[in-house]
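Read-outs: derived from the displayed coordinates by stated rules, not from any lab. Because the structure is predicted, anything quoted here is derived from the model rather than measured. Every residue, glycine as well, gets a Cβ built from its backbone with ideal geometry; the counts of neighbours run over all protein chains shown.
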Amino acid sequence: MQIYLVGGAVRDTLLNIPMKDKDWVVVGSTPEELINLGYSQVGADFPVFLHPETKEEYALARTERKSGGGYQGFNCDFNPDITLEEDLLRRDLTINAMAQDSEGTVYDPYNGKKDIELKLLRHVSDAFSEDPLRVLRVARFAARFAHLGFTIADETIELMRDIANSGELSLLTPERVWQETERALGESQPWVYFQALRDCSALAIIFPELDTLFGIPQPEKHHPEIDCGIHTLMVLEQASKLSEDISIRWASLLHDLGKGLTRKEILPSHYGHEQSGEKLVIEVNKRLKTPTEFKDLSRLVCMYHTHIHRAFELKPETLLKLFNNIDLWRKPERLQKILLACKADSRGRTGFEHIDYSQTEYITDMAKACLEITAKQFVEKGIIGKEIGEAMAKERVNVMTQLKKLKNNSL
C-alpha cells in the first residue's frame, strides 16, 4: 500500500498559497484493508475513507469509464492494480493531477508544473469531455486563479464548448449548478466565472437570463460601457471589492435581468426594467434552489435599486414605503446589504469605478431615525389597535421630513 497527497494541496503548495484541504489517494489497497486499519468508509459511488485520527479523506486509486449521460454516468474501477498515473489521468486539469509522497517527491506525469509556470488551466486528457460538470469547475478555477494571471488554455475552451454544444450541460442538476456557482461567487474574481462560461457558450444554457443581456444597449451618457452584459459583470466586480458576502454579490449580478426583456422600440432606455426583472429573478432563484436570503435580497435589489439611486428625490412617504417593503423593522441589517449592491451598481460603469455614493449615508440616516420611533411611546399615550401603526407611520414621515430639510440646508 502506498499513500500520496494529491490534487489541490500539491497545486497550492507549488503556487505558494495556503491549501484549503488535504486529499489523499491510496494505491495498492482494498476497502477491507483500510477498514481493518481503522478507516471509516463514506460515499456510495466509490470508496472514500476517513482517517481514524485526522478525518481527512483517503480515496482508493481508481479509473472511470463513461457509461451514461451527465456527470454521474460513470463506472469506477478501484482494484489494487490501478496505478497512480492511471488515477491522476482521470482528473480534470493538469495542475490538479499531481501527487506527492511522504518524502516530498512530486509526481507530475501530465506536466502540471509546466502549466503552473505558463499560468494555464489545461485539461489532462480528452476524457475531460465525459463530465459536463467540469465546464463549471474550470470556470470556477479561472475565477479563483485569475488574480495570479491564470487563463484557460485554448484547447480546453474548445472542449468546454463541445460539451456545451452536446446538450450534456442540461443534464446537470440545479443543486450541482448552484453548488459550483456559490463557490465561484466566493472566489477572488467571481465575474471571471461567468465570463468563462460565456466564452465557451455555456452561459446561454446555464444562465440564459444573463446571457441575453450581452449586446443590449444602454444610454451612453450614464453607461459609457453601453452593453448591459458588460455592465452586469462590472457590477459584480465592484460588489466583490466592496464585500465578501456572496448574497450581495449574487444580488448585484441579477439586479438588471429585466433589461433583457426591454422592447426594442424603446432602446436604449429601459423603463420599467425593475418590475419586469423581478419575475426573472424569482425564476432563476427557484430553478437553482438558492437559499432564502439570496432569493429575498436579489429580488429586493432588482426591485428598488433605481429608487435608492434617486434617494435625494424621493418624498419621505416614498422612503417609508421602501422601508416597509424591505422589512426594515424586522431585518434592519438587510438595508446595508441592499445599499452595498446599489453602490456596486453605481460604480459598475466605465469611468465611474471610484464615484462617491452618498445615497448610502442619506438612506442610512433616514432609516436610523425611523427605527428610533417605536410602538411603546404611542402605547404610553393611550393609543391602541391599528391606530398605533398609523401614528408611527405619521411620525416617521415627520422625522424624515425634518431630517431632509436639515440635510438640504447643510449642502
Inset, instruction - With θ set to phi - 60°, apply the Karplus curve 6.51 cos²θ - 1.76 cosθ + 1.60 along the range 7-21 and write out the HN-Hα couplings as whole Hz, x wherever there is a Gly or Pro. - result: x, x, 5, 5, 4, 5, 5, 5, 7, 6, 10, x, 7, 8, 9
Inset, instruction - Have a look at His222, His270, His231 and tell me which one the Gaussian network model of the chain (Cα, springs below 10 Å) gives the largest fluctuation. - result: His222
Legend entry - Part-to-part distance (alpha-carbon centres) for the range 1-43 and the range 128-146, which is given in Å: 22
Inset, instruction - Just order 378-385, 144-151 by mean Cβ neighbour count inside 10 Å, highest at the front, would you? - result: 144-151, 378-385
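Using the structure shown, select from Lys241/Lys295; Lys279/Lys337; Lys259/Lys315; Lys315/Lys386; Lys241/Lys405 the pairs with a Cα to Cα distance greater than 29 angstrom. Write down the numbers at each step before the final one.
Details: Lys241/Lys295 22 Å; Lys279/Lys337 21 Å; Lys259/Lys315 26 Å; Lys315/Lys386 24 Å; Lys241/Lys405 34 Å.
Over 29 Å apart, Cα to Cα: Lys241/Lys405.
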Inset, instruction - First measure r as the distance between the Cβ atoms of Arg161 and Ile282, then evaluate 1/(1 + (r/R0)^6) with R0 = 22 Å and state the FRET efficiency to the nearest 0.05. - result: 0.10
Legend entry - Contour excess over end-to-end distance, with Cα ends at Ala393 and Leu148 and 0.36 nm allotted per residue: 83.0 nm
Legend entry - Fully extended contour minus Cα-Cα distance, from Lys381 to Ser358, at 0.36 nm per residue: 4.6 nm
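What full-extension length gain, to one decimal in nm, is calculated for Glu333 and Asp12 as 0.36 nm per residue of separation minus the Cα-Cα distance? Display every interim value, and only then the final one.
Numbers: separation 321, 0.36 × 321 = 115.56 nm, distance 3.62 nm.
Taking 0.36 nm per residue and subtracting the Cα distance, the gain is 111.9 nm.
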Legend entry - Per-pair calculated FRET efficiency, R0 = 35 Å: Ser170 and Glu86 via Cβ, rounded to 0.05: 0.70
Legend entry - Hz values of 3J(HN,Hα) by residue in the range 141-157 - Karplus curve (6.51, -1.76, 1.60), Gly and Pro given as x: 5, 4, 5, 5, 10, 4, 5, 8, x, 6, 9, 8, 4, 4, 5, 6, 4
Inset, instruction - For the range 355-368, take each phi angle, set θ = phi - 60°, evaluate the Karplus expression 6.51 cos²θ - 1.76 cosθ + 1.60, and give the result in whole Hz per residue in order, putting x for glycine and proline. - result: 5, 6, 10, 6, 4, 4, 5, 4, 5, 4, 5, 5, 5, 4
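Take the alpha carbon gyration tensor of the range 282-392, find the square roots of its eigenvalues, order them as a ≥ b ≥ c, and report rounded if a/c is under 1.5; if not, report prolate when a/b exceeds b/c, else oblate.
Numbers: a/c = 2.81, a/b = 1.53, b/c = 1.83.
In terms of gyration-tensor shape, oblate.
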Inset, instruction - Would you work out which of Tyr107, Val192, His231 lies farthest towards the positive end of the dipole of the range 96-232, given +1 charges on the beta-carbon of Lys and Arg and -1 on that of Asp and Glu, about the Cα centre? - result: His231
Inset, instruction - Give, rounded to the nearest 20 debye, the magnitude of the charge dipole that the chain has about its Cα centre when Lys and Arg contribute +1 at Cβ and Asp and Glu contribute -1 at Cβ. - result: 2340
Inset, instruction - Neighbouring Cβ atoms within 10 Å as the yardstick, rank Ile373, Ile206 fewest first. - result: Ile373, Ile206
Inset, instruction - Quick one: angle between helix 386-410 and the longest Cα principal axis of the chain, in degrees between 0 and 90, rounded to 10, please. - result: 90
